[in-house]
Every structure is written in C-alpha cells, then in structure tokens.
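Here is the structure we will look at.
The values are calculated or read from the model by the stated rules, or taken from the named source; none is laboratory data. Predicted model, so just to flag it, every value in this text is computed and none were measured. Each accessible area value is taken on the protein alone, full model and side chains, heavy atoms only, with ligands, DNA and RNA left out. Shrake-Rupley method; radii C 1.70, N 1.55, O 1.52, S 1.80 Å.
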Amino acid sequence: FVVPNHLLEQMAGDIKHLYPTANILAATKKDSAAANRQQLMARIATGQWDAVVVTHTAFEKLKLSEQAQTNFLAEEYAKVREAILSVKGRGEESRRVMKDLEKKKSSLQERINAIAESPAKDNTITFEQLGIDLLLIDESHYFKNLGYVTKMRSIAGLPNTESKRAFDMHMKVRYMAEVRGEGKGVIFATGTPIANSMA
C-alpha cells in the first residue's frame, strides 16, 4: 500500500482492524531515512508480510535496479529518436518540434549517463527483489503529469513539464505489468478529480 505521508498510521490501523491476524509492516519515517532504508528493504524482502504500508515519499526511494532503469530510459530514448526521424517539413513549426524533441532526447541521455556513472552500483536491494505482487496506490492523483513524446506543440491540456514522481511510478507500473501481466498487479485509487492535465 502506497499512501500519503500523513495517512500511514491510519491505513495500517485500518488494515489491522479489518484483518486482525494479518502480518503487516508499516514503514515509518525513521525506517525510510537514508541510514535505515537498506534495513527496511531487507525486512520487506525477507519477511512473510500480508501487507506492507509505505508513504509516497518512501515508495520513491525504493528504486528499480540500475539495469532496469537504463533499459526503460533506453526505450524512451528510442521513441524520441523515432519521433525526430519522422518529423517532416522545414517550417518554423517543424523546427520548434525538433528543438523540443532534441531537448527531451538530451535529457534522457543525461539520465542514462548519470546511472552509468553512479558510484553506488546496485549493492542494495532493488525494487524487483522485494517480492511485491500487488501495488495499491492511494491518492494516485499525486502521480500525474507523466512525460510524453509527440510531434505536436502547444496542445491545450498537455503540460510541458515532466514529473519525476510520475516517471518513477510509470517505471514501477511497467515492471509490475511484466511480472504479473498487462493490466494486473496495480490498483490506483483517488477521490480527487485529476484536473487540468490529460497527461
């Protein structure tokens, strides 16, 4: 269960109330601190938990392996390259589109390079090793504004910015689809309308 920071104790309590015999781990802010994160991940991976409750902030810190991140970024990079190659015309609009796509391509390349040059090389437990078989994301509207690749510019309702939080969630959702099958293993829940963004 991935919940907003202020709902951790309430959600853990509600689960315990509904399922009194369930073995539940609620990761506190202290558990998610850098000094204790590896211990938390080891507890998640090795424990026989019926449910693990973490905050949105802690969930972002549970990273996919560097190889999985690199593969995913490389796929996105290929999509951008394909879009660049398919842009036709020499007008001002085409130049602007090319400029936007080149900027996105450069950004993806920088992220791939940053992972490759990172001094810490997967000596930690990764998201894939946690043994998660279902993600339930509460207040999922906090993960909006995922980046996109398009050959069009200035489309009303599509933001020009890309949320790192949304991208991290997207990678993990894609991983769950690989493990559990397309459309399985993830539940998004929110009572808040997602406004002002088709992304």
> So which of K103/K164; K105/K184; K103/K184; K79/K184; K29/K61 end up more than 23 Å apart by C-alpha?
Replying inline: K105/K184; K103/K184; K79/K184
> Projected area of region 1-118, taken from the Cα convex hull and averaged over every viewing direction, in nm²?
Replying inline: 10.6 nm²
>> Using amide H atoms built in the peptide plane, which far-off residues or other-chain residues are under 5 Å from K63 H to H?
In response: F127
>> Compute the orientation-averaged projected area for the chain from the convex hull of its Cα atoms and round it to one decimal in nm².
In response: 12.9 nm²
> How much solvent-accessible surface does I125 expose, in Å² to the nearest 10, with a 1.4 Å probe and all protein chains in place?
Replying inline: 40 Å²
> In the chain, carbon and sulfur make up what percent of the accessible area (probe 1.4 Å)?
Replying inline: 52 percent
> Which residues' amide hydrogens lie under 5 Å from the amide hydrogen of T55, considering only partners 5 or more residues apart or on another chain, with H built in the peptide plane?
Replying inline: V3
> Applying the Karplus parametrisation 6.51 cos²θ - 1.76 cosθ + 1.60 with θ = phi - 60° to the phi angles of region 180-185, what ³J(HN,Hα) value in whole Hz is obtained for each residue in order, glycine and proline being reported as x?
Replying inline: 9, x, 4, x, 10, x
